[in-house]
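Novice: Just dropping this structure here.
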Amino acid sequence: MEVSYEDPCKSIIEEEMKKVENIYENLMKRKGVLNTRQNLPGGDYLSKTYLGSIIKLKNQIMCDTTLPEDTGREMICCLSHLGILHEALDINYLMNVEHVVQFLNKKYVEENQQPDRLIAIERRLLNLGKDLIRTFRKQTNIKPNPNLRLIEEKLQELYSESGKESLGMIFVQTRATAKSLAEYLNEKLEGIEIPVKPFIGSKSSETSDGLSETEKKELLEDFRSHKIKLLVATSVGSEGIDVPECNIVMKYNYSGNEINIIQMRGRTRKAGGQAIYISDQSVLRRDLVSMEKAAVMHRALDELKQKGKDEIRAMILTEQKNDLKHQEDQERKLRELQNQKKRGFFKLVCATCKETEINGDNIKLYKQNHHVAAEGAFLDRVKKEDIKEEKINQMIRKSIIYCKKCPQKLGKIFLIHDLEVPLLKIDAFLCKEGDKLRKYKIGNLFHILLMRSVTKIWKLYSQS
């Protein structure tokens, strides 16, 4: 079933979120925070991705030792406020305006009884929250959300058909909505004796209050023993919970991936179990894609069940080898790309006149000492002085190389397999990186000069 409710106060909450985002961005500018990793995520305020990005950003700021303590506290305060408004937006979309007011009143009034302990920005955001509550209370002639009535009627119908001993789960996106919807349904279904409780994650979350592990275990025991007939759960309700008697599953504008689809399908294993979707069109489209992926996974599992252990082991080994080869290929391409950037960026210039140049494409490190081998084309830019030939190992020393612009001695020419190879002394050069000149450092130079072969000369030279 499709949600078709015109959200009356969505624009009010989104405007409030934009105000807080502006406060956060102005704070970063005023405090000189230049780390782009701490920029706000942007995008759809109602999406799970937005809330996930806010939580991740808070964790990054808490771990950032370069930020002054007061700056970090102010930034986290803004992000916490955005998290509260995200949950208010979700409640507003799926519940009634009075439920939004109840949630905001708890966050900005009941949980803030000592405003004198707050810093300036916390007081400012607290006042914005209270102003938002007053704005909502002024809203009149807002029709109730018809989807709440739809859920209530559908649950009454399902429990009437399958019996009051049936167990059900409703999945929603946020903890705040789970708690608000559970409270609403507990009141509405009291007449047919269907106790309802919220089932949410642990108290370590950055959003609403959570349940301890003990509370979650006790809640599940009450559910299995039918003391509680209906749970309103976030994604934690789809992970590793085994209640075979559960035969009613409802998703209220809840979008999950293919793994969630498979896990939720496992919640309705009992014969005659039913799964109900109440979502807007965009969520339904995402779920259809996830359902198709889940179907593909099921078909793959069915095919695996028909194969023997040895065949499966061989398939896994082949896939691992292919994955490893793919990873090695990707790493090799990345290294080549990095080397290409280094070669185009790195140059050596004559240490005396600063003019005669040789770039990274034309040089190779020679046996990790203070010399580099250059391509023959480099000889067109220097002067040569022949000397008495002298054999050194498999090479013949033939000439001395000087800079054309000054008397700086740059290196020598050797004959290797009848080819002239310039061997340059790199302390006769300066390293040029962009517009900067500096003396070379062996440790820094090695990783720049140790590159793949660039010429036939170098290939022959490296074999000697």
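Novice: Kindly state, to the nearest 0.05, the FRET efficiency for ASN59 paired with LYS391, given R0 = 56 Å and r defined as their beta-carbon distance.
Specialist: Rounded to the nearest 0.05, the efficiency is 0.25.
Novice: In straight Cα distance, which lysines are under 19 Å from LYS229, not counting same-chain residues fewer than 8 positions off?
Specialist: Here the lysines satisfying the reach criterion relative to LYS229 are LYS154, LYS164, LYS179, LYS188, LYS197, LYS216, LYS217, LYS251, LYS270.
Novice: Give me a comma-separated list of calculated 3J(HN,Hα) values for region 185-201, in order, Karplus coefficients 6.51, -1.76, 1.60 applied at θ = phi - 60°, integers in Hz, x for any Gly or Pro.
Specialist: My calculation for region 185-201 gives 5, 4, 6, 6, 9, 4, x, 9, 6, 10, x, 10, 9, x, 10, 10, x Hz in order.
Novice: Calculate, in nm to one decimal, what ILE119 and ILE76 gain on full extension: separation in residues at 0.36 nm each, minus their alpha carbon distance.
Specialist: Value of the extension gain: 14.2 nm.
Novice: Just subtract the alpha-carbon distance of ILE192 and LYS321 from 0.36 nm times their residue separation and send over the number in nm, one decimal. List each step's numbers first, then the result.
Specialist: Values: separation 129, 0.36 × 129 = 46.44 nm, distance 5.90 nm.
Roughly 40.5 nm would be gained on extension.
Novice: Which residues' amide hydrogens lie under 5 Å from the amide hydrogen of LYS354, considering only partners 5 or more residues apart or on another chain, with H built in the peptide plane?
Specialist: none
Novice: Can you list the aspartates and glutamates whose alpha carbon is less than 15 Å from that of LYS347, not counting same-chain residues fewer than 8 positions off?
Specialist: Reachable aspartates and glutamates: GLU355, GLU357, ASP361, GLU375, ASP427, GLU433, ASP435.
Novice: Also, quick follow-up: Highest mean first, how do 123-136, 54-67 rank when packing is the count of other Cβ atoms within 10 Å averaged over residues?
Specialist: Order by mean packing, descending: 123-136, 54-67.
Novice: What number comes out for the charge environment of ARG381, summing +1 per Lys or Arg and -1 per Asp or Glu over other residues with Cβ under 9 Å away? If you can, show how the numbers build up before the last one.
Specialist: Numbers: positive: LYS404; negative: GLU357, ASP380.
Around ARG381, the surrounding residues sum to -1.
Novice: In addition: Starting from the Cα of GLU331, step 7 Å along the direction of its Cβ; do the same at SER225; then give the gap between the two resulting points in nm.
Specialist: Using points 7 Å along Cα→Cβ, the separation is 5.5 nm.
Novice: Okay, moving on. Treating cross-link reach as a plain straight distance, find the aspartates and glutamates whose alpha-carbon is under 13 Å from the alpha-carbon of LYS143, omitting any fewer than eight places away in the same chain.
Specialist: Leaving aside aspartates and glutamates fewer than 8 places away in the same chain, those within reach of LYS143 are GLU6, ASP7, GLU98.
Novice: Work out the FRET efficiency for ALA295 and ILE142 from their Cβ-Cβ distance, taking R0 = 45 Å, and round it to the nearest 0.05.
Specialist: 0.65
Novice: Please give the FRET efficiency for GLU303 paired with ALA275, using the beta carbon to beta carbon distance and R0 = 35 Å, rounded to the nearest 0.05.
Specialist: Once rounded, the FRET efficiency stands at 0.90.
Values in this text are rule-based calculations from the coordinates and carry no lab data. Treat the numbers as computed from the prediction; the structure is a model and nothing was measured. As a convention, Cβ positions derive from the backbone with ideal geometry for all residues, glycine included, and neighbour counts pool all protein chains shown.
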